[in-house]
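Q: Take this structure first; my questions come after.
Nothing in this text is a laboratory measurement; each read-out follows from the coordinates by a stated rule. For clarity, every value in this text was computed on a predicted model and none was experimentally measured. In this analysis, Cβ positions are derived from the backbone assuming ideal geometry, glycine residues included, and neighbour counts consider all displayed protein chains.
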Amino acid sequence: MKIEKNKTYEFSLKGQVSFGSVSENRVYELLQDGRLASFFLEEQLQHWFPELTRIEGNKDHDHVDLLENKYDAKNFTKASGLSFKPSNQMGAGRKFVAEVAHEKALNLCYICCDIVEFPRVRVKFVDGADLINEYPKCEIPKGHREVLFG
């Protein structure tokens, strides 16, 4: 599938995800947590969008395309919406520095993944500059889910 920015893609992973003896519904519930889902989705995205190549390890981005454009995957969850702050600015005791976050975002296209209703996954590619204009604090509130994906 070819990447088209600002278009919402929808996928279903129903019946395609399992882990040992854990029930299917429990696996789905666990994968609604962005911390857990991110590793699997980063891998899956390159199957849905073959022009993407996953970058292993803790780099400042998760994928590149054939033109070496950088992409960073972020998950929208029911608990916290979506944060596109640099990872070193997220978490307890860390400080948000807008100038640094904005500079990073300007060089990225974000792959926004809606996992609220996993195994249904919605994906939208949005330029960092567009997200900064709309959300200068680099956080999309959970109430804006349909604004982003609708």
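Q: Starting from the stretch 134-145, keep only residues that are touching a residue at least 40 places away in the same chain (Cβ under 8 Å) and within 9 Å of Phe76 (Cα to Cα), then list their pairs with residues that are surrounded by fewer than 16 Cβ atoms within 10 Å (Cβ to Cβ) and of a type outside the set (Gly, Ala, Ser) whose Cβ atoms are within a distance under 9 Å, requiring at least 6 positions of separation or different chains.
A: Close Cβ pairs (under 9 Å, with a partner that is surrounded by fewer than 16 Cβ atoms within 10 Å (Cβ to Cβ) and of a type outside the set (Gly, Ala, Ser)) amount to Ile140/Glu134; Ile140/Val147; Lys142/Lys78; Arg145/Lys78.
Q: Could I ask something else about it? Looking at (1) outside any helix (DSSP H, G or I); (2) in contact (Cβ under 8 Å) with a residue 40 or more places away in the chain; (3) more than 24 Å from Glu134 (Cβ to Cβ), which is the one condition that is false for Tyr28?
A: (1)
Q: Residues in the stretch 38-62 that are assigned to a helix (DSSP H, G or I), aromatic (Phe, Trp, Tyr) and out of contact with any Leu (no Cβ under 9 Å at 6 or more places or on another chain): how many?
A: 2
Q: Quick check on my filter: what residues within the stretch 14-70 are β-branched (Val, Ile, Thr) and under 20 Å from Asp114 (Cα atoms)?
A: Val17, Val27
Q: Please find, within the stretch 103-125, the residue that is surrounded by the most Cβ atoms within 10 Å (Cβ to Cβ) out of those that are under 9 Å from the mean Cα position of the chain (by Cα), under 18 Å from Asn69 (Cα atoms) and of a type outside the set (A, V, I, L, M, F, W, C).
A: Tyr110
Q: Still on this structure: Considering only the stretch 16-50, state which residues are over 15 Å from Arg122 (Cα atoms) and touching a Lys or Arg at 6+ places or on another chain (Cβ under 8 Å).
A: Within the stretch 16-50, just Glu43 meets the criteria.
Q: Test each condition in (1) surrounded by 11 or more Cβ atoms within 10 Å (Cβ to Cβ); (2) of a type outside the set (Val, Ile, Thr); (3) without any contact (Cβ under 8 Å) to a residue 60 or more places away in the chain for Glu56 and report the one that comes out false.
A: It fails just one condition, (1).
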